[in-house]
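Written out below as structure tokens is the structure these notes cover.
A short reminder: the numbers here are calculations on the coordinates, not readings from a lab. Everything quoted here is computed from the prediction, not taken from an experiment. No Cβ is skipped: glycine too gets one built from the backbone with ideal geometry, and neighbour counts run over all protein chains shown.
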Amino acid sequence: MVDKPGIGLDVGLSDEEKEDLDKLIKGLKEDQPNAQVGATPEDIQKQIASMMENLTQLGEMLMKFDTKMKSLYEIVRLSYEKGEMMNKRIDAIVESMKGGRNVSPESES
């Protein structure tokens, strides 16, 4: 299987975040444990420490992405609510015009 460099990670990440993610992925590929029968406990401990560091970095990146997604969700939710309110206002105007009523502020008094 051939690795394709630059496969689209375009999900709203900054260039710096993309580079960090690429480095992390490359690091994970390089740090894959080799099947060594005579591996010493120190070697295994180093591999575990390296994996924990990589997982910590990945977790931090995911938390940043989650924060951005929450902001995007809030924007979409508010836009939807605004659209619904505008639709209700338009419907009220259309109903008012169908009924022949005047919608000026003077008529409400």
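Miscellaneous remarks
- Out-of-range pairs (alpha-carbon distance over 24 Å; input Lys23/Lys70; Lys26/Lys46; Lys68/Lys88; Lys18/Lys82; Lys23/Lys46): Lys23/Lys70; Lys68/Lys88; Lys18/Lys82
- Spin-label model, Ser96/Leu13: points 7 Å from Cα along the beta carbon direction are separated by 5.1 nm.
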